[in-house]
Each structure stands twice: as C-alpha cells, then as structure tokens.
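Contents: one structure, followed by commentary.
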Amino acid sequence: MADEDKTVSSDEDRTLDARKAAILKTVVTGYVETSVPIGSAQVARDPEIDVSPATVRADMAALERDGYLTHPHTSAGRVPTDKGYRFFVDHLAPPLPLGEAQQEQVQEFFSRAHGELERMLSDTSQLLARLTDTAAIVVPPAHEGLVVRSAILSRLSPHTALLVLVLSNGALERQAIPIPEEVAGEDLRAASNFLDQHLSGRAPSELGLELPLTGRPELDDLVSRVRELLVAPVVDEHPPEQVFVGGAARMTEHFAAVEQVRAVLSILEESFVVVSLLHEVLTKGQSVSIGSEHGLEPLAECSLVVAPFGAKGEAAGTIGILGPTRMDYPQALAAVAVVGQRLSRELESD
C-alpha cells in the first residue's frame, strides 16, 4: 500500500494502520473460505498487500501480539481471534448484496408465503437456514400492543366448538369450548358473528370483560360459555417465549466435537436464553455478536447475526442466524437483512 502510515480510526484500534488492517482482512477471508490457518506467504500473494513476505510476517506477529490473530498448536499460519473478527465486521466487511440465486429463493418463498403467521415464521427460519448454512432463529412479535382482529366460533365435534381469535399481527389463538350436542348450526353462526362484533378491537387483557345479552337464550348460553373461558384469557399476557429454529442440525457440520454440538443444540432449545441473546445484541445497537461476547461458554465458538423485523416502522420481532465464528459475515449480514425486510413487508401487507 502506498500510504503505510494511514490508520483505521476506532476508539479501541487507533494503532491498527491500513496495512495491518488489509493483512487482517486477507487472513479472515482466507480462513473463512478454506478453514486452514493462513501463512505469511499466502498473504503476501494478495495484490492488495504490496510489501515483502518479511514485512507481512512482522505485521502478522504484531497483530498476534495485539490480540487480533492467533496460531493454533504448532501451525505456522494464523487464524482470527474474536477481536480480529470484531474488527473485520466493524471496519472491513464490505456491504454486499445477496447473490442472485439467493435473491430468487427469497422472492419465490415470499411469493408463496401466506396463511398463518406461525407457519410463515417457521418456514422463514428454514429458508434462512438454507441461505446461510447455519441455524436460523425467528422470534415472533410480542403480544404487547396487540388487539383481536376477528373472532370465529365453529363446531369441532358434536360436543365441542372451536374459538379462533385472529390477532392484529396475524397470529392465531385457539380454544376448544364444550357445547350441548343439540346446539343448532344457525345458533353457532349467530354466536360467531356476535363474538366477532364484540371482541374485535379488544386487547387480550380485555377479552374477559362483560358481553351484552342478546335476549336469545340459546345464543346467550353459547356466549356465556365463551366468556367463562375468556375470564382466564385465551391469550396469556405473559406467554412462554416462542422461537422458531430452522436448520439446527446444520451445526453438526461446523463442529467436530460431539459434546460441543450437543451444548449448542441445548442452548437452541432454551427459548428464553435465545430470545435474551438476540435482544441483548440489538439493545447494544449491534447486528453481530462474536464468540466470547455472548458470555455463554457453549457459544464461545459461535457468532450471532441478527436484525429486527416489523410493520409500519415499528420492530415487532427478531430474525437471526447462529453459526461458527468462522462464517462469511458479509453474506450472512446480507441474507439476514434481506429476509428481515421481506418479512416486514409481508406483515405490513396483512
């Protein structure tokens, strides 16, 4: 490089000059691509590194002393540390568009993605897992601020009716309600219309409020049966965290140690932990959390790439991927961003 004194500005990395930054970038991209430690001779062959192999060796040794690189065992090559990956993500990872073939996958998926919100979010996690070859995570919108969009009461069996509440985010809540066998179909339809009229627009916490009488005993009996269940709301105001995870089995491809894979999969099964991790990353104003930054030993060799999704400019849920720290960060960031944007558009169109 012509200007060897040029520095990359950062509060923590003021001493990392442009040449060392270029060397670090070459090591990260080379290691991500090959999974083989990168030696100074390989770095020196990079057209952007216009210095001798001896200078490269000296700079790589300096990068190791400063904590950006390390060398495994007795290998002469270096691999990035969490600090090295962090600098790469913050300063060196170029913003890239999603590949054309992947964009076509996203377009095809969302052209068919209709119906229940839960099904769409579950399928979206599978789509993102295929795009990134990692485990993908989708956290649905929280129930706070939601209202009932519509209510439907229909016969499930001779002695049971099914109440379906469609919430404003597209989610469905179902509850089976015991009814007398002699209830006529026209009474069920009338009760369904009545409930839809009087429950629509209510928040989940308001579903158990009084409902007016109709003056028709058969109809009022059905409505009172529904209300008895709504007093203990069909929609829990503090439900267990729901998380859709796609491609969890792909983690076995990235780690050789069986115990490590089991530990990662165990974390993915803990929905509260997963939701907390994604929320913490976004709270910090970041889109990537790397290795030891999570504070969880089982994920010490994993990175999270996350993004919010929502409707009408408001965040409603979170989408992300969990993979090895040795991941293609520009491609992962592009995939998460594109899928999150399309998911937001889908919610807005509902």
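The values are calculated or read from the model by the stated rules, or taken from the named source; none is laboratory data. As the structure is a computational prediction, the values presented were derived from the model and not from experiment. Don't worry about glycine lacking a Cβ; one is built from the backbone with ideal geometry, like all the others, and counts go over all protein chains shown.
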Among the numbered criteria (1) of a type in the set (Ser, Thr, Tyr); (2) over 16 Å from residue 19 (Cα atoms); (3) crowded, with 16+ Cβ neighbours inside 10 Å, which one does residue 55 miss? (2)
Can you find, within the range 313-325, the residue that is surrounded by the fewest Cβ atoms within 10 Å (Cβ to Cβ) among those that are at pLDDT below 90 and not in a loop (DSSP other than H, G, I, E, B)? 314
Could you please let me know if residue 156 is within 30 Å of residue 344 (Cα to Cα) and part of a strand (DSSP E or B)? no
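Pick from the range 199-217 the residues that are part of a loop (DSSP other than H, G, I, E, B) and small (Gly, Ala, Ser): which of them is surrounded by the fewest Cβ atoms within 10 Å (Cβ to Cβ)?
If we filter the range 199-217 for residues that are part of a loop (DSSP other than H, G, I, E, B), which is where we start, we get 200-203, 207-216.
From what's left, small (Gly, Ala, Ser): 200-201, 203, 208, 215.
Values: 200: 15, 201: 12, 203: 17, 208: 16, 215: 7.
For the range 199-217, the residue satisfying everything is 215.
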Counting only residues that are within 17 Å of the chain's Cα centre (by Cα) and of a type in the set (Ser, Thr, Tyr), how many does the range 86-124 have? 2
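Determine, yes or no, whether residue 82 is of a type in the set (D, E, K, R), surrounded by 16 or more Cβ atoms within 10 Å (Cβ to Cβ) and not assigned by TED's automatic domain parsing to the domain that holds residue 39. Don't jump to the end; show me each part of the working.
Details: of a type in the set (D, E, K, R): yes; surrounded by 16 or more Cβ atoms within 10 Å (Cβ to Cβ): yes; not assigned by TED's automatic domain parsing to the domain that holds residue 39: no.
When the stated conditions are applied, residue 82 does not pass them.
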Would you be able to tell me the number of residues in the range 68-90 that are within 17 Å of residue 23 (Cβ to Cβ), touching a helix residue (DSSP H, G or I) at 6+ places or on another chain (Cβ under 7 Å) and assigned to a helix (DSSP H, G or I)? 5
I'd like to know if the range 49-67 contains one or more residues that are part of a loop (DSSP other than H, G, I, E, B) and closer than 30 Å to residue 338 by Cα. no
In the range 30-52, anything crowded, with 16+ Cβ neighbours inside 10 Å and among the hydrophobic types (A, V, I, L, M, F, W, C) is listed as 32, 38, 43, 44, 49, 51
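Look through the range 100-123, keep the residues that are closer than 17 Å to residue 246 by Cβ and either in contact with a Phe, Trp or Tyr (Cβ under 7 Å, 6 or more places away or on another chain) or surrounded by fewer than 11 Cβ atoms within 10 Å (Cβ to Cβ) (or both), and return whichever of them is modelled with the lowest pLDDT.
Kept after step one, since they are closer than 17 Å to residue 246 by Cβ, are these residues of the range 100-123: 102, 105-106, 108-110, 112-113, 116-123.
If we keep only those that are either in contact with a Phe, Trp or Tyr (Cβ under 7 Å, 6 or more places away or on another chain) or surrounded by fewer than 11 Cβ atoms within 10 Å (Cβ to Cβ) (or both) too, we end up with 112, 121-122.
Details: 112: 85, 121: 89, 122: 91.
By that ranking, first place goes to 112.
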All positions within the range 295-312 that are part of a helix (DSSP H, G or I), at pLDDT below 90 and either aromatic (Phe, Trp, Tyr) or in contact with a helix residue (DSSP H, G or I) (Cβ under 7 Å, 6 or more places away or on another chain) (or both): 298
Determine whether residue 206 is modelled with pLDDT of 85 or more and among the acidic types (Asp, Glu). no
Pairing a residue in the range 247-271 that is under 17 Å from residue 297 (Cα atoms) and outside any helix (DSSP H, G or I) with any residue that is β-branched (Val, Ile, Thr) and at pLDDT 85 or above, where Cβ atoms lie under 6 Å and the two sit 6 or more apart in sequence or on different chains, gives 255/261
